Amino acid sequence: MEDSLPLNLCQVKKSSLVINRLYTSLHSIALLALIFYRTSTLLEITKTGNKSMPFVLFYVLVFASELILSFIWLLNQAYLWRPVYRTVFPERLPEDDKLPAIDVFICTADPTREPSVQVMNTVISAMALDYPANKLHVYLSDDGGSPVTLGAMREAWNFARFWLPFCRKYGIQTSSPEAYFSVAGDGNVSSKEFTAEKEKIKVIRRPADNGREPDKAEMPLLVYVSREKRPSQPHNFKAGALNVLLRVSGLLSNSPHILALDCDMYCNDPASARQAMCFHLDSEISPKLAFVQFPHNFHNISDNDIYDSQLRTFFTNQWYGMDGITGPINCGTCFYITREALCETSGSIQEDTNVGQLRKIFGPSNEFIKSLNRKIKSNIIKDEARFSSALLQESQCLASLSYERDTQWGKEASFRYFSVVEDYFTGFLLHCKGWNSVYYNPQRPPFLGTASTNLGEMLVQNTRWTAGLIEVAISKYSPIIYGPSRMPILACMCYAQLAYYPFGFIPFWCLSIIPQLCLAQGIPLYPEISNPFFMVFVYLFLSSNLKHIQEALSAGHSIRTWMHEQRMWMIKSVTCYFYGSLNGIMEKIGMREASFLPTDKAEDEGRTKLYKSGMFDFRAPGMFIIPMCTLVILNIVSLLIGAVKIIHTRNYGEIFIQAFISFFIIVVQYPVIEGIFFRKDYGRIPKSASLLSTMLAGIILSLGSLVLIY
């Protein structure tokens with residue numbers, strides 16, 4: 001009877017579905033009304049010829065901006081069409097001896113930006129997953145080849161021999177040692193024996209004081225890999241590191257399932273492996289299930305997340321919607337993926353498959369090609385003595401830079417190299433091949449990472465993501481071109497929304513400058529208050545923002561979250577979306593090479609203090625600060641000039657919307673204004689940047705006025 005019980009349940013969020021579809025319908029009608037108004041007005045202007053050419057150009061640019069925003073909005077509706085949520089029943093899984101093996105992939109590249117202590121904690125927490133130790137294998141890729149990281153792994157292994165038995169004995173859920181000892185309280189455990197054991201573990205954390213022998217307990221396999229890198233040859237960043245681990249693990253353990261983690265993303269709930277298996281072992285969905293994606297949660301997020309570092313929209317809204325279609329995109333970390341999905345080519349790999357053809361795809365290693373046969377069981381090497389010189393030599397060959405030459409690694413199979421957002425692109429191609437994915441968000445965060453909590457680092461990270469997405473958007477793999485014949489149209493729309501979303505910088509730049517220039521000259525671009533179409537624009541503004549607020553509140557956040565996300569959307573639009581789009585286009589046409597600088601995970605106490613207090617830290621590159629300041633100053637000056645004109649003419653009806661746009665931008669971007677005029681600490685924008693921004697705003701305003709007057 002128990003065997004017939006489901007391992008998981010999938011239910012539609014009916015209340016969200018009704019709200020979403022009603023919102024989509026009404027908002028669509030309003031958008032059609034806006035397009036009708038703009039088109040008819042433009043035709044009338046063209047027919048009568050009573051407007052200057054600069055005005056017509058500005059009007060067309062505003063209309064084009066509204067069309068771009070409408071297109072992105074339309075793509076976004078696919079996320080809202082059928083949101084679902086899932087429940088799992090790990091207690092119904094088969095016995096431990098029948099569970100499939102799991103390989104854990106962890107990648108690090110720079111011990112100065114990714115501290116070794118963080119890496120150690122992630123590795124140890126992965127080894128402490130609630131899963132049979134003989135079926136768990138942890139692999140660390142060190143792209144830096146750092147002796148510091150290698151030494152840290154030795155210490156992590158030695159400490160894990162004490163830590164894992166302690167966690168198993170007392171059911172410790174927070175299996176990252178640093179996180180565990182930094183939080184007061186130990187759940188329901190309070191015995192004297194436990195307290196004594198805990199104190200001993202604290203002593204063992206200091207290697208110089210450690211004279212105790214570990215308990216004899218079975219340990220997961222831990223493998224350190226430092227892949228070869230040469231400046232003259234591309235190493236394909238994180239995707240290249242993951243593929244090295246894919247090959248080396250295929251030789252050593254060949255587990256059918258893989259957990260991928262960033263080096264700072266430690267396991268916060270040991271149950272995640274069994275939760276994932278509730279999907280991978282479900283006979284109804286497992287044949288075409290590529291991966292189970294868990295949310296990204298962060299231990300250093302404040303209640304007042306001023307930089308939107310938690311990426312709330314993705315993990316509390318959009319991924320539920322994608323899960324109701326073919327499943328969420330691959331997010332680069334916190335996912336359990338099948339080896340079969342990564343190594344599947346155009347045909348199934350069987351015993352009679354042509355070996356020569358497989359070598360062209362997967363390289364010359366006969367041992368690795370053997371591991372591709374689904375009938376070959378995991379190798380599971382547990383004893384160091386069994387690591388023969390031949391096996392180590394073969395592993396080094398698989399990790400070498402030359403191994404992938406003249407093969408299809410990164411192209412037809414494995415993690416893909418086409419873009420620096422290898423996670424997005426790999427997931428997209430898997431869905432195009434007919435694979436599905438699942439999004440599961442349990443009550444206890446299964447993984448906790450370190451989010452970017454300073455403005456400069458966050459914008460640099462988003463610039464890199466934007467460049468990668470634009471590379472895909474303008475290529476033959478564009479989701480709206482490549483996807484429709486290979487996946488449901490709603491799934492194509494979801495992927496397209498992410499790929500084309502950065503192009504939102506175009507309408508934001510236009511709508512932050514053009515209405516303001518016309519406002520300063522008293523020239524209307526929008527219907528006056530007495531015009532019936534005035535209510536169309538009012539409705540669109542209220543509808544979109546109230547929906548945004550509703551989504552934030554339903555996820556347990558506040559209206560303050562809506563304000564922060566609006567602010568960061570504006571800041572990203574004029575900075576990282578703009579620069580990232582330029583980078584992506586230049587990389588595509590060969591004007592520059594792709595680059596990948598790991599996000600700095602080292603904690604800066606001063607920046608962290610500012611972030612937690614809700615104060616912006618403007619110690620960021622000038623290329624990010626100056627555009628923001630310029631637009632804010634331009635809007636302030638334009639609003640003041642427009643207000644004077646309104647008072648003088650007593651005619652506010654024609655330019656009310658333009659004045660409101662400037663007012664809204666100013667209110668949302670108040671921290672920038674504060675940084676320019678009021679702050680005296682680290683949150684103050686440098687005087688040089690403020691002066692340059694003022695000059696640029698003045699130049700834009702002057703030139704715009706001259707053009708309109710002409």
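Would you be able to say whether some residue in segment 513-534 is free of Cβ contacts under 8 Å to residues at least 24 places away in the same chain, at negative phi and open to solvent by 10 Å² or more (accessible area, probe 1.4 Å)? Reasoning before the result, please.
Going through segment 513-534, the residues free of Cβ contacts under 8 Å to residues at least 24 places away in the same chain turn out to be 531-532.
Now narrow it down to the ones that are at negative phi: 531-532.
From what's left, open to solvent by 10 Å² or more (accessible area, probe 1.4 Å): 531-532.
Looking through segment 513-534, at least one residue is free of Cβ contacts under 8 Å to residues at least 24 places away in the same chain, at negative phi and open to solvent by 10 Å² or more (accessible area, probe 1.4 Å).
Can you name every residue in segment 699-710 that is closer than 14 Å to residue 513 by Cα and either touching a residue at least 24 places away in the same chain (Cβ under 8 Å) or hydroxyl-bearing (Ser, Thr, Tyr) (or both)?
Let us first name the residues in segment 699-710 that are closer than 14 Å to residue 513 by Cα, namely 699-705, 707-708.
700, 701, 702, 704, 705, 707, 708 - these are the residues of segment 699-710 that are closer than 14 Å to residue 513 by Cα and either touching a residue at least 24 places away in the same chain (Cβ under 8 Å) or hydroxyl-bearing (Ser, Thr, Tyr) (or both).
Residues of segment 124-149 being assigned to a helix (DSSP H, G or I) and either surrounded by 23 or more Cβ atoms within 10 Å (Cβ to Cβ) or in contact with a strand residue (DSSP E or B) (Cβ under 6 Å, 6 or more places away or on another chain) (or both), which ones? I'd like the intermediate steps shown before the answer.
Within segment 124-149, the subset assigned to a helix (DSSP H, G or I) is 124-127, 133-135, 147-149.
Of everything in segment 124-149, those that are assigned to a helix (DSSP H, G or I) and either surrounded by 23 or more Cβ atoms within 10 Å (Cβ to Cβ) or in contact with a strand residue (DSSP E or B) (Cβ under 6 Å, 6 or more places away or on another chain) (or both) turn out to be 124, 125, 126, 127, 149.
Among the residues of segment 525-543, how many are in contact with a helix residue (DSSP H, G or I) (Cβ under 7 Å, 6 or more places away or on another chain) and of a type outside the set (A, V, I, L, M)? Full working, then the answer.
At the first step, the residues of segment 525-543 found to be in contact with a helix residue (DSSP H, G or I) (Cβ under 7 Å, 6 or more places away or on another chain) are 525-529, 533, 536-537, 539-540, 543.
With of a type outside the set (A, V, I, L, M) added as a condition, the list becomes 526-528, 533, 537, 539, 543.
Residues meeting the conditions: 7.
Of the residues 610, 639, only one is touching a Gly at 6+ places or on another chain (Cβ under 8 Å), in contact (Cβ under 8 Å) with a residue 60 or more places away in the chain and farther than 22 Å from residue 503 by Cα; which?
Working: 639 fails: touching a Gly at 6+ places or on another chain (Cβ under 8 Å).
Checking each option against the conditions leaves just 610.
Anything in segment 25-59 that is more than 18 Å from residue 507 (Cα to Cα) and either outside any helix (DSSP H, G or I) or hydroxyl-bearing (Ser, Thr, Tyr) (or both)? List them, or say none.
Matches in segment 25-59: 25, 28, 37, 40, 41, 46, 48, 49, 50, 51, 52.
Out of all the residues in segment 272-286, which are open to solvent by 30 Å² or more (accessible area, probe 1.4 Å), over 24 Å from residue 424 (Cβ atoms) and of a type outside the set (D, E, K, R)?
Narrowing segment 272-286 to residues open to solvent by 30 Å² or more (accessible area, probe 1.4 Å): 274, 281, 283-286.
Next, from what is left, pick out any that are over 24 Å from residue 424 (Cβ atoms): 274, 281, 283-284.
Across segment 272-286, the qualifying residues are 281, 283.
Can you name the helices (runs of 4 or more DSSP H) wholly within segment 481-570 that have at least 1 residues being basic (Lys, Arg)? Break it down stepwise before answering.
Values: elements: 489-500, 505-520, 534-554.
In segment 481-570, the matching helices (runs of 4 or more DSSP H) lie at 534-554.
What pairs come up if the first residue lies in segment 72-87 and is under 12 Å from residue 12 (Cβ atoms) and outside any helix (DSSP H, G or I), the second is of a type in the set (Val, Ile, Thr) and open to solvent by 10 Å² or more (accessible area, probe 1.4 Å), and their beta carbons are under 6 Å apart, counting only those six or more places apart or on different chains?
So the pair list comes out as 84/12.
Please go through (1) buried (at least 22 other Cβ atoms within 10 Å of the Cβ); (2) within 30 Å of residue 610 (Cβ to Cβ); (3) hydroxyl-bearing (Ser, Thr, Tyr) for residue 439 and return the number of the only condition it doesn't satisfy.
Answer for residue 439: the failing condition is (2).
Going through segment 642-677 one residue at a time, which ones are open to solvent by 60 Å² or more (accessible area, probe 1.4 Å) and over 21 Å from residue 542 (Cα atoms)?
In the first step, residues of segment 642-677 are kept if they are open to solvent by 60 Å² or more (accessible area, probe 1.4 Å); the result is 644-645, 647-652, 654, 656, 660, 663, 667, 670, 677.
Listed by number, the residues that qualify are 644, 645, 647, 648, 649, 650, 651, 677.
Please specify each residue of segment 657-696 satisfying the condition of being among the β-branched types (Val, Ile, Thr) and outside any helix (DSSP H, G or I).
Step one: list which residues in segment 657-696 are among the β-branched types (Val, Ile, Thr), which gives 657, 661, 665-668, 672-673, 676, 685, 694.
Matches in segment 657-696: 685 only.
Are any residues in segment 484-504 surrounded by fewer than 23 Cβ atoms within 10 Å (Cβ to Cβ) and under 30 Å from residue 696 (Cα atoms), and if so, which ones?
500, 501, 503, 504
Do the conditions hold for residue 602, that is, is it in contact with a Gly (Cβ under 7 Å, 6 or more places away or on another chain) and either surrounded by fewer than 22 Cβ atoms within 10 Å (Cβ to Cβ) or outside any helix (DSSP H, G or I) (or both)? Walk me through how you get there before you give the answer.
On the way: in contact with a Gly (Cβ under 7 Å, 6 or more places away or on another chain): no; either surrounded by fewer than 22 Cβ atoms within 10 Å (Cβ to Cβ) or outside any helix (DSSP H, G or I) (or both): yes.
Here the answer is no, as residue 602 does not meet what is asked.
Among the listed residues 611, 577, which satisfies the condition of being in contact with a Phe, Trp or Tyr (Cβ under 8 Å, 6 or more places away or on another chain) and either at pLDDT 95 or above or farther than 22 Å from residue 304 by Cβ (or both)? Working first, answer last.
On the way: 611 fails: either at pLDDT 95 or above or farther than 22 Å from residue 304 by Cβ (or both).
577 is the lone residue from the list that is in contact with a Phe, Trp or Tyr (Cβ under 8 Å, 6 or more places away or on another chain) and either at pLDDT 95 or above or farther than 22 Å from residue 304 by Cβ (or both).
Is it the case that segment 653-669 has a residue that's of a type in the set (Gly, Ala, Ser), under 21 Å from residue 569 (Cα atoms) and modelled with pLDDT of 90 or more?
The first filter runs over segment 653-669 and keeps only residues of a type in the set (Gly, Ala, Ser), leaving 653, 659, 662.
Narrowing the set further to residues that are under 21 Å from residue 569 (Cα atoms) leaves 659, 662.
Going one step further and asking which of them are modelled with pLDDT of 90 or more, we end up with 659, 662.
Yes: segment 653-669 contains one or more residues that are of a type in the set (Gly, Ala, Ser), under 21 Å from residue 569 (Cα atoms) and modelled with pLDDT of 90 or more.
If you take the residues of segment 89-123 that are β-branched (Val, Ile, Thr) and open to solvent by less than 20 Å² (accessible area, probe 1.4 Å), which of them is farthest from residue 506 (Cα to Cα)? Before you say what the answer is, go through the steps one by one.
Pass one, segment 89-123, residues β-branched (Val, Ile, Thr): 102, 104, 106, 108, 112, 117, 119, 122-123.
Still in the list and also open to solvent by less than 20 Å² (accessible area, probe 1.4 Å): 102, 104, 106, 108, 119, 122-123.
Numbers: 102: 45, 104: 41, 106: 37, 108: 35, 119: 39, 122: 40, 123: 43 Å.
Filtering segment 89-123 for residues that are β-branched (Val, Ile, Thr) and open to solvent by less than 20 Å² (accessible area, probe 1.4 Å), the one farthest from residue 506 (Cα to Cα) comes out as 102.
Considering only helices (runs of 4 or more DSSP H) fully contained in segment 266-349, which possess at least 3 residues that are at pLDDT below 95?
Counting at least 3 such residues, we get 339-343.
Just the residues that are touching a strand residue (DSSP E or B) at 6+ places or on another chain (Cβ under 9 Å) and either assigned to a loop (DSSP other than H, G, I, E, B) or closer than 20 Å to residue 599 by Cα (or both), please, taken from segment 416-439.
Listed by number, the residues that qualify are 417, 423, 433, 435.
Do we have residue 587 as charged (D, E, K, R), at pLDDT below 95 and open to solvent by 70 Å² or more (accessible area, probe 1.4 Å) here? Write out each step before concluding.
Numbers: charged (D, E, K, R): yes; at pLDDT below 95: yes; open to solvent by 70 Å² or more (accessible area, probe 1.4 Å): no.
Here the answer is no, as residue 587 does not meet what is asked.
Condition check ((1) closer than 20 Å to residue 259 by Cα; (2) aliphatic (A, V, I, L, M)) across all residues:
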site	(1), (2)
426	yes, no
431	yes, no
465	no, no
469	no, yes
478	no, no
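The values are calculated or read from the model by the stated rules, or taken from the named source; none is laboratory data. Quick caveat, the model's predicted, so the values are computed rather than measured. In this analysis, Cβ positions are derived from the backbone assuming ideal geometry, glycine residues included, and neighbour counts consider all displayed protein chains. Calculation scope for accessible area: heavy atoms of the full protein, side chains included, ligands and nucleic acids excluded. Shrake-Rupley method; radii C 1.70, N 1.55, O 1.52, S 1.80 Å.
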